[in-house]
Amino acid sequence: MGNQKMIMLSGQIPLDKQGELVGNDVKTQTIQIFENIKSILTTCNASLNDLVKLSIFTSDISQIAGYREARDQFLTSANPPLSTLVEVKGLFRSDVLIEIEVIAITGD
């Protein structure tokens with residue numbers, strides 16, 4: 001068995017590299033979050049295909065279709081990661097509608 005590495009990212013939010021909020025709906029915010037996750041994983045020599053677990057927190061469960069549409073642009077594996085989706089009363093800022101934390105495992 002080779003060398004495996006576990007990568008755990010705390011809740012990622014829809015801010016761009018300049019720290020500005022991207023989007024005012026779950027779909028747009030989810031796209032930004034997955035772009036951020038992809039970028040972080042790349043710096044760890046990992047990819048979205050290495051994700052094994054997602055935890056999704058949203059303050060507006062009625063927008064779940066937008067989340068799924070955005071997610072499916074990034075997660076195309078035949079074996080998608082496990083996921084848990086929770087609606088919360090609020091996140092750390094009222095304009096942030098979704099937060100996603102992930103676990104990835106790289107190696108063979």
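The values are calculated or read from the model by the stated rules, or taken from the named source; none is laboratory data. Just so it is clear, the model here is predicted, and its values are computed rather than measured. For neighbour counting, all protein chains shown are included, and Cβ atoms are generated from backbone atoms with ideal geometry for every residue, glycine included.
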| field | Test: residue in segment 61-69 that is on the phi > 0 side of the Ramachandran plot and either part of a loop (DSSP other than H, G, I, E, B) or among the acidic types (Asp, Glu) (or both) | value | no
| message | So, in segment 11-34, how many residues would count as being free of Cβ contacts under 8 Å to residues at least 24 places away in the same chain and either within 19 Å of Thr76 (Cα to Cα) or assigned to a helix (DSSP H, G or I) (or both)? | response | 1
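Residue-wise test of (1) surrounded by 14 or more Cβ atoms within 10 Å (Cβ to Cβ); (2) closer than 13 Å to Gln12 by Cβ; (3) charged (D, E, K, R).
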position: Thr28; (1), (2), (3): yes, no, no
position: Gln32; (1), (2), (3): yes, yes, no
position: Ser39; (1), (2), (3): no, yes, no
position: Leu85; (1), (2), (3): yes, no, no
position: Arg93; (1), (2), (3): no, no, yes
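Residues are listed down the side, and each one gets a yes or a no for (1) part of a helix (DSSP H, G or I); (2) touching a His at 6+ places or on another chain (Cβ under 8 Å); (3) at pLDDT below 95:
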position: Thr42; (1), (2), (3): yes, no, no
position: Leu54; (1), (2), (3): no, no, no
position: Thr76; (1), (2), (3): no, no, yes
position: Asn79; (1), (2), (3): no, no, yes
position: Val86; (1), (2), (3): no, no, no
position: Val96; (1), (2), (3): no, no, no
position: Ile100; (1), (2), (3): no, no, no
| Within segment 4-30, considering residues that are under 14 Å from Glu101 (Cα atoms) and among the aliphatic types (A, V, I, L, M), the one farthest from the chain's Cα centre (by Cα) | Met6
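Quick check, is Ala78 closer than 20 Å to Asn49 by Cα, among the aliphatic types (A, V, I, L, M) and touching a helix residue (DSSP H, G or I) at 6+ places or on another chain (Cβ under 8 Å)?
On the way: closer than 20 Å to Asn49 by Cα: yes; among the aliphatic types (A, V, I, L, M): yes; touching a helix residue (DSSP H, G or I) at 6+ places or on another chain (Cβ under 8 Å): no.
When the stated conditions are applied, Ala78 does not pass them.
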| field | Complete set of residues in segment 85-108 that are under 26 Å from Thr43 (Cβ atoms) and more than 13 Å from the chain's Cα centre (by Cα) | value | Leu91, Phe92, Arg93, Val96, Ile105, Thr106, Gly107, Asp108
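What do you reckon, is Ile61 among the hydrophobic types (A, V, I, L, M, F, W, C), over 12 Å from Ala104 (Cβ atoms) and loosely packed, with under 14 Cβ neighbours inside 10 Å?
Details: among the hydrophobic types (A, V, I, L, M, F, W, C): yes; over 12 Å from Ala104 (Cβ atoms): yes; loosely packed, with under 14 Cβ neighbours inside 10 Å: yes.
In short, yes.
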